[in-house]
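Beneath this line is the structure, given in structure tokens, with notes to follow.
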Amino acid sequence: NTYHGHDGPVHQLLTTRTSSTAFPFGIWVLRGDGSLVEYEAKKLYEVSVSDSRCIASRASNQLPASGLSSSTREIWHIDRSVQCTVIAICPQLSFFVRGGHWDGGFTYGYTDAEGAAVAERAHESTIVAIALSTTLAPIVAGDSSTQSTTTSFILVATAGRDCLVKLWLSSTRVKSSADVDGVVPPDLTFGLVVQLAAHVSPVTRVLFDESFQVLVTAGEDGLVNMFRVRPPVKSVRTFFVSGAAAVTDVQVASRAPASLVAYSDDARLLCVWSVNGPMLASLSTASLATPAPSLTALLSVTELDAFEGLVIARSDGLIELRMMPYLQVVWSQRYEDPDTTAALRVTAVAVEPGGRVGVFGLEDGSFFCLVAGQS
């Protein structure tokens, strides 16, 4: 089934478990105009709209009444080229962290509220990549208490056009939106943990992998860096894309053999390395079709903690599942507009927590779900 209701391309998809037996999982869709829509899935086959919120405009139009210097307030607006891609969301807490501002700062708050708090001048230039983790945050905070789904420390990674990567830790446990009525507590701030000079060109991607407890960064310099998050934060290994081609996306495959995946759109090249260093496989999209298609979305997926694959969405409308780490094709299918037969371009991919349903966002703002079966 395909679900519509968006005007811009789907930039990000998230799935989360729910406590309801009627709605086994939720789907969060962030579209091109910055609106965030939450859907609820019924029995894995039916999807209904739960709520609609807009978080792209809030940071520029509804800033806190105090806390900003006059000089910052004058330039506190959004870099429209990255406005909808520099957002990290924690669905369990309904909490978001957002970059994309000219002054290098970031905003944070609750997706179902109108206010947002501000961390001014976190970087010397616009933040162009951001990620968050609630699982790794207690390790950095030195907090050994039991984790809760309604309260947690939050660890944030930001990267700017200044080529720097920074880790930030929340000053207190972040409570769920329902517990604080969507209001960011005054004592909730983010303190700098470490600054990493990871690249010599702007950073394109930051990613936390909770299995390995690492932070992965990628940049326009063709470098992919892996850092251990447990203090003291330190570099584990650096990988290099041939020709120093800019890296567009990265994924971590944590099952044996543990591997790292990087894609360069400039080189139309997909690379797979063992986390221990050696390259295991590479795939040039020029070998797939003429002209060479670009890869529009990547996602590492697992089955029964034993098998691991890579979902690849191509610009020519093909969706593939390839076995890791050597990229053998498991299945491939082309998706077309039923009216025009034009290829449907997938722009985002997610898998529900149980691993049975794949969610695919499209450039026209709609999304569809595939249910896994024996066939």
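So the values come out like this:
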{"item": "Three-way shape label, region 129-177, alpha-carbon gyration tensor, a/c 1.5", "result": "prolate"}
{"item": "Dipole in debye (nearest 20) - region 237-338, about Cα centre, beta carbon charges: Lys, Arg +1; Asp, Glu -1", "result": "300 debye"}
{"item": "Listed residues Arg322, Arg161, Arg205 arranged by accessible area, highest first, probe 1.4 Å", "result": "Arg161, Arg205, Arg322"}
{"item": "For Leu280, distant residues with modelled amide H under 5 Å away", "result": "Val272, Trp273, Ser274"}
{"item": "Alpha-carbon centroids, region 302-347 and region 199-227: separation in whole Å", "result": "24 Å"}
{"item": "For Gln12, distant residues with modelled amide H under 5 Å away", "result": "Leu30"}
{"item": "Tensor-based shape of region 198-310 (alpha-carbon gyration tensor, a/c under 1.5 rounded, otherwise prolate or oblate)", "result": "oblate"}
{"item": "Sequence of Glu40, Glu124, Glu363 when ordered by accessible area, the most exposed leading, probe 1.4 angstrom", "result": "Glu124, Glu363, Glu40"}
{"item": "Å² of accessible area per residue within region 240-337, as computed with a 1.4 Å probe and no ligands counted", "result": "43 Å²"}
{"item": "Residues whose placed amide H lies under 5 Å from that of Thr347, excluding near-sequence neighbours", "result": "Gly361, Leu362, Glu363"}
{"item": "Charge tally in the Cβ shell below 14 Å around Phe190, where Lys, Arg are +1 and Asp, Glu are -1, Phe190 excluded", "result": "+2"}
{"item": "Region 327-375, relative contact order [Cα under 8 Å, separation at least 6], %", "result": "23 percent"}
{"item": "Where a label projected 7 Å from the Cα of Ala343 along Cα→Cβ would reach, residues of region 294-327 with amide N under 12 Å", "result": "294-297, 313-320"}
{"item": "Dipole magnitude (debye, nearest 20) for region 147-223, charges at Cβ of Lys, Arg, Asp, Glu", "result": "60 debye"}
{"item": "Gyration tensor verdict on region 183-254 (Cα atoms; rounded if a/c is under 1.5, prolate if a/b is larger than b/c, oblate otherwise)", "result": "prolate"}
{"item": "Region 149-188, accessible area per residue, ligands and nucleic acids excluded (1.4 Å, Å²)", "result": "39 Å²"}
{"item": "Virtual spin-label span in nm between Asp181 and Thr238, 7 Å along Cα→Cβ", "result": "5.1 nm"}
{"item": "Average accessible area per residue (Å²) across region 95-140 - probe 1.4 Å, nucleic acids and ligands excluded", "result": "25 Å²"}
{"item": "By accessible area with a 1.4 Å probe, ligands and nucleic acids excluded, highest first: order of Thr15, Thr150, Thr285", "result": "Thr150, Thr15, Thr285"}
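The values are calculated or read from the model by the stated rules, or taken from the named source; none is laboratory data. Keep in mind that what you see is a predicted model, and the values were worked out from it rather than measured. Cβ sites come from the backbone with ideal geometry, for glycine too, and all protein chains shown count toward neighbours. Accessible surface is based on the protein model in full, side chains and every heavy atom, while ligands, DNA and RNA are left aside. Shrake-Rupley method; radii C 1.70, N 1.55, O 1.52, S 1.80 Å.
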